[in-house]
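Chemist: Handing you this structure, nothing more for now.
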Amino acid sequence: MSDVPRPARRSWWLEEALSHPEFADPPAPPLSKDTEADVVILGGGYTGMWTAWFLKEREPGLDVILLEADICGGGPSGRNGGFCDGWWGHLGDMVETYGEADALELLMTVGRSPTEIGEWCGRHGVDAWFRHSGDLAVATNPNHEGRWAGLIETAARLGVEDEYLLLTPDEVQERCASPAFGSGMLIPDAANLQPARLARGLRRVLIETGVRIHEGTPVTRFRASDPAVAETPGGTVRAGRAVVGLGAWATSWKAFRPKTTVRGSYMVVTEPAPERLEKLGWTGGEQIRDLRSSIHYARTTPDGRIALGLGGLQPDLARRIDHRYDYLPRYAERVAGDVVRLFPPFEGIAIEAAWGGPINVSGFTMPFFGSMGARANVHYGLGYTGNGVGPSHLGGKILAALTLDADDGFTRLGVVTREPKRFPREPVRSPGMLIANAAIRRKDDLEDAGRRVDPFTMFVARLPRRLGYHLGPR
Ligand SMILES: Cc1cc2nc3c(=O)[nH]c(=O)nc-3n(C[C@H](O)[C@H](O)[C@H](O)COP(=O)(O)OP(=O)(O)OC[C@H]3O[C@@H](n4cnc5c(N)ncnc54)[C@H](O)[C@@H]3O)c2cc1C
């Protein structure tokens, strides 16, 4: 097995970005006095920052203040796999949740985001390694083969079958010669990027645009009153409107606890080995994912590394987001081992870094947006469920529209009007998720190893679906 990497609180992506002055400057010191603003945004991830961007684009004179506990991009927005896509892979579940017409509208609307993100980076000189090279889903065991038949049928009925390209095992091997891969499905309209460069680039542009950003500024108390009040250690912000873009951290708020929960995802990145990528034939830049519920996602970097992640993991009964979400040796070892299993030419190439992050999960695995508070003046966007890089760009448009009371179609999308499915309360919730997650992962691992899944594991793994959640296998 490859070396076990050193623990990291910052992802390799963020360290890479911060090593370049253009992604580290200018400074955004903590809030140090009481202040007022038109809009206060909680959270400096993509959701908070895209919202700030679209607010200023629509109303340049608006006074927007953004409060981030860590640094912008310190959370999942600077730690993720960099898969920047829409929701074409979710078509089946989306039709179930929203109905055909609303699902199609959502798909078309979010479908613009990857291209628009690439264009935005180009316009603002943000070199985020944006590459529009497609998303390849691969079967890694016989149970996965043909899994997309239902999706393709639905796509044909909705007239969007051209968004998908089915690949034979040989065609998959031409793109990446992994012994673990069978047939595949390519979604051409998907990109990948360096996630922390995007987050830090957004931060720079926002500061240039006049958004007041305060890093190292945790909101310790929040009142959804009119005006909304955000208290921090250095001062209090009062603002007529507020936006909550706290991702997984919002799960600790009573108002959001029934609607979202947290799981972990863990990644490793290898040292550069472009000649080994050549050997694999993986030079087209496609991002690759398997069809497990506890998904593997892999991509390459311009200097010839592989970054591989594994989702659906849970650091025991962690009820708070603590250091176990940043790094856990057992998950780092597991993912490091998977690099060699999935990409054998990388045997002997060291793992340079490993990290993790909290995934903000919703019952339908789709984000949800809404308003609350004294005058419905507090708006939120949460629950991307491990798929927020592209969709948070749409999230920013929705939240800007909600904040400005604009009636322009974004506020009527299904992700705004449809209530998310609620999770059970404690003490059922955490142990229930832990047990179901363990069964889901066990089922996936057994199938990948070509072994039979015992009926008890299968029963527990399927429970979330039976209870109406879009989580785990059917
Ligand atoms: C390991 C990993 C891999 C992933 N891979 C992908 C992928 O390849 N493609 C994809 O589409 N999605 C992926 N995701 C999911 C994606 O990263 C998220 O959906 C997206 O970043 C969500 O952005 P956000 O702004 O809503 O939340 P976040 O990025 O979580 O931002 C929330 C911010 O709020 C801050 N905060 C928390 N509490 C407070 C407080 N009290 N006061 C002030 N600020 C606070 C946090 O520090 C954080 O910066 C991945 C996630 C992880 C963890």
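Bear in mind that the values in this text are calculations on the coordinates, not laboratory data. The structure presented is a predicted model; accordingly, all values stated were derived computationally and were not measured. We place every Cβ from the backbone using ideal geometry, glycine too, and count neighbours over all the protein chains shown.
Chemist: Using only alpha-carbon positions, what ratio does the radius of gyration of the range 29-81 give when scaled by 2.2 N^0.38 Å?
Modeler: On the way: Rg = 12.0 Å, N = 53, 2.2 N^0.38 = 9.9 Å.
Output field value: 1.20.
Chemist: May I ask for log10 I(q)/I(0) of the chain at q = 0.08, 0.12, 0.14 Å⁻¹, from a Debye sum over the Cα atoms as equal point scatterers with solvent left out?
Modeler: The Debye formula, applied to the Cα set alone, gives -0.44, -1.04, -1.47.
Chemist: 5 Å is the cut-off here: which amide hydrogens, built 1.01 Å from N in the peptide plane, fall below it relative to Ala353, excluding neighbours closer than 5 in sequence?
Modeler: Amide H to amide H, under 5 Å and 5 or more residues apart or across chains, Ala353 pairs with Val269.
Chemist: Taking only Cα atoms of the range 205-323, what ratio of Rg to Rh do you get with Rh as the Kirkwood inverse-distance radius? Before the final figure, lay out the partial values.
Modeler: Working: Rg = 20.5 Å, Rh = 18.4 Å.
Reported Rg/Rh (Cα atoms, Kirkwood Rh): 1.11.
Chemist: Summing Lys, Arg as +1 and Asp, Glu as -1, what charge do residues with Cβ under 12 Å from the Cβ of Arg462 carry, Arg462 excluded? Numbers along the way, then the final one.
Modeler: Details: positive: Lys443, Arg465, Arg466, Arg474; negative: none.
Computed value for this residue: +4.
Chemist: Sticking with this structure for a sec: Average the reciprocal distances over every distinct pair of alpha-carbons in the range 188-259, invert the result, and give the Kirkwood radius in Å. Spell out each step's value before the answer.
Modeler: Working: mean 1/r = 0.0674 Å⁻¹.
Kirkwood radius, the range 188-259: 14.8 Å.
Chemist: State the extension gain, in nm to one decimal, for the chain segment bounded by Lys279 and Ala376, taking 0.36 nm per residue of separation less the distance between their alpha-carbons. Mind dumping the intermediate values first?
Modeler: Working: separation 97, 0.36 × 97 = 34.92 nm, distance 5.64 nm.
Length gained between Lys279 and Ala376: 29.3 nm.
Chemist: Please give the contour-minus-distance gain from Asp445 to Glu174: 0.36 nm per residue of separation, less the Cα-Cα distance, rounded to one decimal in nm.
Modeler: On the way: separation 271, 0.36 × 271 = 97.56 nm, distance 2.55 nm.
Between Asp445 and Glu174, full extension yields 95.0 nm more.
Chemist: Dividing the Cα radius of gyration by the Kirkwood radius, what Rg/Rh value follows for the range 432-474?
Modeler: Values: Rg = 9.7 Å, Rh = 10.1 Å.
My calculation of the ratio gives 0.96.
Chemist: Quote the convex hull volume per residue of the range 380-470, based on C-alpha atoms, as a whole number of Å³. Please list the in-between numbers first.
Modeler: Working: hull volume 11.2 nm³, N = 91.
Cα convex hull per residue, to the nearest whole number: 123 Å³.
Chemist: Follow-up. In a solvent-free Debye calculation with one equal scatterer on each Cα, what is log10 I(q)/I(0) for the range 247-313 at q = 0.12, 0.15, 0.24, 0.25 Å⁻¹, listed in the order of the q values?
Modeler: -0.46, -0.61, -0.99, -1.03
Chemist: With label points built 7 Å along Cα→Cβ from the Cα atoms of Leu467 and Arg147, find their separation and express it in nm.
Modeler: The modelled label-to-label distance comes out at 2.2 nm.
Chemist: Where does the chain land at 222 nm, in deg cm²/dmol rounded to the nearest 500, when only DSSP H runs of n ≥ 4 count, each adding -39500 (n - 2.57), divided by all residues? Walk me through the numbers on the way to the answer.
Modeler: Numbers: 15 runs with 157 residues, N = 474.
Mean residue ellipticity at 222 nm (helix-derived): -10000 deg cm²/dmol.
Chemist: Ranked highest first by average number of other Cβ atoms within 10 Å, how do 461-468, 214-221, 260-267 line up?
Modeler: Working: 461-468: 16.4, 214-221: 17.9, 260-267: 24.1.
Ranking, from highest mean packing down: 260-267, 214-221, 461-468.
Chemist: For Gly43, what is the net charge nearby, where nearby means another residue's Cβ is under 12 Å from its Cβ and Lys, Arg count +1, Asp, Glu -1? Working shown, then result.
Modeler: Working: positive: none; negative: Glu68, Asp70, Glu215.
Within the 12 Å Cβ shell, the charges total -3.
Chemist: Using DSSP to call loops (not H, G, I, E or B), can you name the trypsin sites (Lys or Arg not before Pro) in the range 13-120 whose Cβ has at most 13 other Cβ atoms within 10 angstrom? List each step's numbers first, then the result.
Modeler: Details: sites: Lys33, Lys56, Arg58, Arg79, Arg112; in loops: Lys33, Arg79, Arg112.
Filter output for the range 13-120: Lys33.
Chemist: List the lysines whose Cα sits under 27 Å from the Cα of Lys397, skipping any in the same chain fewer than 8 residues away.
Modeler: Result set, ordered by chain and number: Lys56, Lys254, Lys259, Lys421.
Chemist: Please give the contour-minus-distance gain from Thr35 to Thr220: 0.36 nm per residue of separation, less the Cα-Cα distance, rounded to one decimal in nm. Walk me through the intermediate numbers first.
Modeler: Values: separation 185, 0.36 × 185 = 66.60 nm, distance 1.57 nm.
Length difference between fully extended and current span is 65.0 nm.
Chemist: Taking amide H positions as placed in the peptide plane 1.01 Å from N, state which residues far from Asp63 in sequence (5 or more) or on other chains have amide H under 5 Å from it.
Modeler: Distant-sequence amide H within range of Asp63: Asp38, Val39.
Chemist: How large is the convex hull of the Cα atoms of the range 42-118 per residue, expressed in Å³ as a whole number? Display every interim value, and only then the final one.
Modeler: Numbers: hull volume 9.7 nm³, N = 77.
Normalising the Cα hull of the range 42-118 by residue number yields 126 Å³.
Chemist: So for the chain, averaging the separation of alpha carbon pairs under 8 Å that are six or more residues apart and normalising by length, what relative contact order in percent results?
Modeler: Details: 1038 pairs, mean separation 110.1, N = 474.
Once divided by the residue count of the chain, the mean separation gives 23 percent.
Chemist: What's the whole-number percent of alpha carbon pairs in the range 42-175 lying beyond 23 angstrom?
Modeler: Details: 4574 of 8911 pairs.
Distances greater than 23 Å cover 51 percent of the Cα pairs.
Chemist: Another question, then. How many nm separate the modelled label positions at Val428 and Asp25, each set 7 Å beyond the Cα in the direction of the Cβ?
Modeler: Rounded to a tenth, the inter-label distance reads 5.6 nm.
Chemist: Also, quick follow-up: Less than 15 Å Cβ to Cβ from Val416, Lys/Arg counted +1 and Asp/Glu -1: what total charge do the surrounding residues give? Could you put the intermediate results ahead of the total?
Modeler: On the way: positive: Lys259, Lys397, Arg412, Arg418; negative: Asp102, Glu105, Asp405, Asp407, Asp408, Glu419.
So the surrounding residues net to -2.
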